Amino acid sequence: MKKGSSLKEYLDEINAILMELKYTNVKMEDEHLIVILIISLPPLFVNFNNSLSVGKDYITIEEVKYCL
């Protein structure tokens, strides 16, 4: 996430990248996308990162986006 950008701008950028990958037939698993999405968040989101998966065996990219 770029410094000074909003969370909405960040998610819009991620969605645009995902659409580009989809149209180029690049297949990425949700798990990889979630890792990329979470590690690119600023340190402010460290508690979000820790609490997101508590009590869950699996989360989807849509869940992560919704929680953000």
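The values are calculated or read from the model by the stated rules, or taken from the named source; none is laboratory data. As the structure is a prediction and not an experimental result, all values here were calculated from the model. FYI the Cβ positions are ideal-geometry reconstructions off the backbone, even for glycines, and counts take in every protein chain you see.
Structural remarks
- Restricting attention to the range 1-31, the residues that are surrounded by fewer than 11 Cβ atoms within 10 Å (Cβ to Cβ) and not β-branched (V, I, T) add up to 12.
- Those residues of the range 19-60 which are touching a residue at least 40 places away in the same chain (Cβ under 8 Å) and of a type in the set (A, V, I, L, M), in sequence order: L41
- Counting only residues that are in contact with a Leu (Cβ under 7 Å, 6 or more places away or on another chain) and under 25 Å from K3 (Cα atoms), the range 50-66 holds 3 of them.
- Residue list for the range 46-60, restricted to those being modelled with pLDDT under 80 and surrounded by 10 or more Cβ atoms within 10 Å (Cβ to Cβ): V46, F48, N49, S51, L52, S53
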